[in-house]
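K.L.:
Structure in structure tokens, see below.
The values are calculated or read from the model by the stated rules, or taken from the named source; none is laboratory data. The shown structure was predicted, so the numbers you read here are calculated from the model rather than taken from an experiment. Heads up, the Cβs are rebuilt from the backbone with ideal geometry, glycines too, and the neighbour counts pull from every protein chain shown. With ligands, DNA and RNA removed, areas are computed over all heavy atoms of the protein, side chains included. Shrake-Rupley method; radii C 1.70, N 1.55, O 1.52, S 1.80 Å.
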Amino acid sequence: MFPIAPEAHASDLPSLLLMLGIGMAFGFILESAGFGDSRKLAGQFYFRDLAVLRVMFTAIVTAALLLGLAGAAGWLVLETIWLPPTWLASALIGGGLMGVGFIVGGFCPGTSLVALATLKLDGLFFVLGALVGMFSFGESFRKLEALWTLGDYGRQDLTQLFDSSRPVVLLGVVFLALALFALAAVIQRQFHSRTFNRASKMRAVAHGAFVVFALALFLIEEPGPVYYWRKQPDTLHRALENGAFAVGPAEALRTMRDNRMDLQILDLRPESSFNLFHLRDARRMVPTGMQAYAEEARGQSGRVTLLVAEDEASARQAWKAFHRLGLGNLYYLADGLQPWLEACGGDAADYQVLEGAQDRADQGFQQALGSRRTISRPLPGTFDRLSWPDRIQLKKPKVVGGGCG
Amino acid sequence: MKHDLPQGGERYWNPTVAGLLLGLLLFGAFILTGHGLGASGGLHRLILMAQGLFQPDHILQNPYTAPMAASNTFDHWLVLQVIGVLIGGALSGVLHGRMRVETRRGPLLGKKQRWLFAFAGGVLMGFGARFARGCTSGLALSGGAMLSVGAWIFMFSVFIAAYTLARPLGRLWTQE
């Protein structure tokens with residue numbers, strides 16, 4: 001259902017307004033919270049003012065709990081949402097530099113924009129400095145690249161790190177936030193009792209609600225792929241069963257030779273089968289790699305993904321899994337490799353259809369030549385005798401991608 | 001002089017209320033667009049647009065900047081969001097009567113000194129944000145809410161560095 005994920009296009013009025021609107025609300029909240037004032041922001045680090053900590057962690061906890069609910073309720077497949085990948089050197093060194101920049105300059109990039117917008121000159125100079133800093137990073141990129149790419153852990157979240165369920169981690173995050181608030185408040189009371197505010201009723205209610213919310217998430221079981229598929233509309237169920245995404249050999253071959261389409265063939269068969277034979281430029285895909293592929297392929301215009309599996313049933317299974325991960329332009333080779341090999345079996349010197357090997361088409365191969373065979377991508381027209389309706393219709397990708405990249 | 005107070009009598013929103021609203025906005029951004037909030041990437045695209053006027057080939061040869069420069073600057077959500085932040089910030093400033101030319105600074109710092117430090121801090125922050133692959137908005141807030149490991153490491157890295165330096169650089173923000 002979600003995300004709606006419109007393409008940000010300045011010429012498309014609704015998405016333009018949405019992106020501008022989100023930014024405006026962001027700016028309005030930051031300014032109203034006092035984040036256009038560098039003294040207030042810096043006050044965090046002298047224990048005079050805890051607004052930075054409170055606003056930031058309250059926002060993170062609120063959004064994290066709501067995302068957890070949306071995922072558990074099946075409104076949203078969390079795997080399709082942008083999750084900043086983990087780069088260790090980036091996080092440590094970049095974060096360290098920004099901490100220094102915060103004390104020296106008194107802002108972070110977002111808050112400096114708000115300061116600039118309200119005509120604060122320190123904000124203006126900070127923004128100019130930030131532009132220079134970004135410019136110099138771009139210019140010195142080649143020298144920094146080795147360090148910058150150190151410690152690449154990919155898409156990694158706290159549930160994976162601690163090997164626990166989302167509600168457990170969320171409850172931990174809530175308690176961590178509350179503990180940090182309490183600790184900071186104790187220190188503030190010690191050194192700056194004059195600026196110390198007793199907890200507002202609002203704060204007490206909010207903090208209590210966080211704990212209750214996190215506990216309530218334990219009651220909802222996080223829905224898996226089966227649940228997802230059940231929730232899909234009947235039309236999609238029928239389309240898949242009627243073979244609307246099953247591509248025949250002739251169309252597959254034509255697409256392989258079509259430069260207007262960015263075709264990626266994913267081979268889901270076991271490694272031994274893949275080594276014996278696979279289609280030209282096919283990539284072997286294991287279940288654990290699906291998430292990473294979906295992330296890479298989502299939003300790439302012209303990308304068509306063709307799944308090659310042992311048989312129709314496992315192809316459909318993989319198709320459903322990829323659909324859940326938000327991948328569009330998704331098809332599978334009808335009936336696995338059987339029709340393909342049968343149609344051009346005679347062209348391959350070492351291929352013969354063995355008796356009793358009907359279930360595993362590749363068992364006819366004598367040598368593990370992979371795709372170094374002509375029949376991995378035969379000449380155009382090879383499959384013209386086979387009649388399959390054309391299936392591939394290129395659709396524009398939905399998601400643009402994410403992050404600060 | 002009781003200059004220790006951070007707010008010069010300004011009345012700002014209760015941090016809890018601001019945090020709740022920001023969390024709702026962040027969640028809304030996620031379910032509407034599939035990604036969270038961001039700022040630094042938008043700023044970088046703006047400076048690249050300016051640089052592109054003088055050295056179009058140069059940015060396209062750089063493997064880091066080329067993907068950002070390849071598409072129309074204003075087609076990217078981060079750029080639109082940065083413009084939105086400026087408008088929204090100004091709107092709040094007008095409504096709350098905070099729209100005036102001034103320089104917010106520590107009690108011991110002159111105006112020009114503050115500008116210099118703001119600029120220097122901005123350079124560090126801009127460079128650091130690109131090195132970190134995101135800033136407080138895009139990485140800490142958005143990644144933190146999605147429970148990204150990298151985002152949480154980043155967050156603590158920022159806070160630890162800032163707290164460590166706060167005392168030695170106390171002259172910038174306090175009376176000591």
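K.L.:
Here is a check on your reading of the model: is A:Leu83 open to solvent by less than 10 Å² (accessible area, probe 1.4 Å) and either in a loop (DSSP other than H, G, I, E, B) or in contact with a strand residue (DSSP E or B) (Cβ under 8 Å, 6 or more places away or on another chain) (or both)?
P.N.:
Yes; evaluated as a whole, the condition is true for this residue.
K.L.:
Any residue in the stretch A:151-161 that is closer than 21 Å to B:Phe159 by Cα and at the interface with another protein chain (Cβ under 8 Å from one of its Cβ atoms)?
P.N.:
Looking for residues that are closer than 21 Å to B:Phe159 by Cα and at the interface with another protein chain (Cβ under 8 Å from one of its Cβ atoms), one finds at least one in the stretch A:151-161, hence yes.
Conditions (1) within 30 Å of A:Met56 (Cβ to Cβ); (2) open to solvent by 60 Å² or more (accessible area, probe 1.4 Å), marked per residue:
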| position | (1), (2) |
| --- | --- |
| B:Gly23 | yes, no |
| B:Ile31 | yes, no |
| B:His35 | yes, no |
| B:His44 | yes, no |
| B:Leu48 | yes, no |
| B:Gly52 | no, no |
| B:Pro63 | no, yes |
| B:Ala66 | no, no |
| B:Leu78 | yes, no |
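K.L.:
Given the criteria assigned to a helix (DSSP H, G or I) and surrounded by fewer than 24 Cβ atoms within 10 Å (Cβ to Cβ), does A:Ala89 qualify?
P.N.:
yes
K.L.:
Please work out if A:Thr58 is within 7 Å of chain B (Cβ to nearest Cβ), farther than 16 Å from B:Ala132 by Cβ, open to solvent by 10 Å² or more (accessible area, probe 1.4 Å) and not basic (Lys, Arg).
P.N.:
no
K.L.:
Could you check B:Leu172 against (1) over 19 Å from A:Gly43 (Cα atoms); (2) in contact (Cβ under 8 Å) with a residue 24 or more places away in the chain; (3) not charged (D, E, K, R) and say which number it fails?
P.N.:
Condition not satisfied by B:Leu172: (1).
K.L.:
Conditions: (1) modelled with pLDDT of 90 or more; (2) assigned to a helix (DSSP H, G or I). B:Leu60 meets all but one. Number of the miss?
P.N.:
Just one mismatch for B:Leu60, condition (1).
K.L.:
Right, here's the next one. Going through B:Ala120, B:Ala162, B:Ala140, B:Ala132 one at a time, which residue ends up being over 22 Å from B:Leu43 (Cα atoms) and within 19 Å of the chain's Cα centre (by Cα)?
P.N.:
Result: B:Ala162 is the single residue among B:Ala120, B:Ala162, B:Ala140, B:Ala132 that is over 22 Å from B:Leu43 (Cα atoms) and within 19 Å of the chain's Cα centre (by Cα).
K.L.:
When A:Gly106 is evaluated against the numbered criteria (1) surrounded by fewer than 24 Cβ atoms within 10 Å (Cβ to Cβ); (2) within 21 Å of B:Leu169 (Cα to Cα); (3) not basic (Lys, Arg), which criterion, by number, is the only one it fails?
P.N.:
Tallying (1) surrounded by fewer than 24 Cβ atoms within 10 Å (Cβ to Cβ); (2) within 21 Å of B:Leu169 (Cα to Cα); (3) not basic (Lys, Arg), A:Gly106 fails exactly one: (1).
K.L.:
I'd like the full set of residues that are under 25 Å from the mean Cα position of the chain (by Cα) and either under 20 Å from B:Ser40 (Cβ atoms) or at pLDDT below 95 (or both), limited to the stretch A:25-66.
P.N.:
A:Ala25, A:Phe26, A:Met56, A:Ala59, A:Ile60, A:Ala63
K.L.:
List the pairs whose first member sits in the stretch A:142-166 and is β-branched (Val, Ile, Thr) and open to solvent by 70 Å² or more (accessible area, probe 1.4 Å), whose second member is part of a loop (DSSP other than H, G, I, E, B) and at pLDDT 90 or above, and whose Cβ atoms are under 6 Å apart, counting only residues at least 6 apart or on separate chains?
P.N.:
If the second residue must be part of a loop (DSSP other than H, G, I, E, B) and at pLDDT 90 or above, no pairs are left.
K.L.:
For the stretch A:162-176, which residues satisfy the criterion of being more than 10 Å from chain B (Cβ to nearest Cβ) and aliphatic (A, V, I, L, M)?
P.N.:
Passing the criteria: A:Val168, A:Leu171, A:Val174.
K.L.:
A further question on this structure: For the stretch A:214-265, what are the residues that are open to solvent by 50 Å² or more (accessible area, probe 1.4 Å) and more than 26 Å from the chain's Cα centre (by Cα)?
P.N.:
Across the stretch A:214-265, the qualifying residues are A:Leu215, A:Leu219, A:Asp234, A:Thr235, A:Arg238, A:Glu241, A:Asn242, A:Arg254, A:Arg257, A:Asn259.
K.L.:
Which of the residues belonging to the stretch A:357-405 are modelled with pLDDT under 80 and of a type in the set (Gly, Ala, Ser)?
P.N.:
Correct list: A:Ala357, A:Ala361, A:Gly364, A:Ala368, A:Gly381, A:Ser387, A:Gly401, A:Gly402, A:Gly403, A:Gly405.
K.L.:
Please go through the stretch A:14-57 and give me each residue that is part of a helix (DSSP H, G or I), farther than 18 Å from B:Arg114 by Cβ and among the aromatic types (Phe, Trp, Tyr), ordered by number.
P.N.:
Once the filter is applied, which keeps residues that are part of a helix (DSSP H, G or I), farther than 18 Å from B:Arg114 by Cβ and among the aromatic types (Phe, Trp, Tyr), the stretch A:14-57 yields A:Phe26, A:Phe28, A:Phe57.
K.L.:
May I pose another question? Taking A:Ala292 as the residue in question, decide whether it is in a helix (DSSP H, G or I), open to solvent by 10 Å² or more (accessible area, probe 1.4 Å), assigned by TED's automatic domain parsing to the domain that holds A:Glu241 and closer than 17 Å to A:Leu236 by Cβ.
P.N.:
It is false that A:Ala292 is in a helix (DSSP H, G or I), open to solvent by 10 Å² or more (accessible area, probe 1.4 Å), assigned by TED's automatic domain parsing to the domain that holds A:Glu241 and closer than 17 Å to A:Leu236 by Cβ.
K.L.:
Moving on to the next point. Could you say which residue among A:Ala199, A:Ala204 is more than 26 Å from the chain's Cα centre (by Cα) and part of a helix (DSSP H, G or I)?
P.N.:
Of A:Ala199, A:Ala204, the one residue that is more than 26 Å from the chain's Cα centre (by Cα) and part of a helix (DSSP H, G or I) is A:Ala204.
K.L.:
Let me ask something else about it. In this structure, is B:Ala162 over 26 Å from A:Ser32 (Cβ atoms) and at pLDDT 95 or above?
P.N.:
No.
K.L.:
Can you name the residue in the stretch A:15-53 that is at the interface with another protein chain (Cβ under 7 Å from one of its Cβ atoms) and open to solvent by 20 Å² or more (accessible area, probe 1.4 Å) and is also nearest to A:Val186 (Cα to Cα) among such residues?
P.N.:
A:Arg39
K.L.:
Taking the stretch A:69-116 only, how many residues are out of contact with any helix residue (DSSP H, G or I) (no Cβ under 8 Å at 6 or more places or on another chain) and facing another protein chain (nearest Cβ under 7 Å)?
P.N.:
Of the residues in that region, 0 qualify.
K.L.:
Looking at the stretch A:225-240, can you tell me whether even one residue there is more than 30 Å from A:Trp82 (Cα to Cα), touching a residue at least 60 places away in the same chain (Cβ under 8 Å) and not acidic (Asp, Glu)?
P.N.:
Within the stretch A:225-240, none of the residues are more than 30 Å from A:Trp82 (Cα to Cα), touching a residue at least 60 places away in the same chain (Cβ under 8 Å) and not acidic (Asp, Glu).
K.L.:
What residue, among those in the stretch A:117-141 that are open to solvent by 10 Å² or more (accessible area, probe 1.4 Å) and more than 7 Å from chain B (Cβ to nearest Cβ), is farthest from B:Val94 (Cα to Cα)?
P.N.:
A:Ser140
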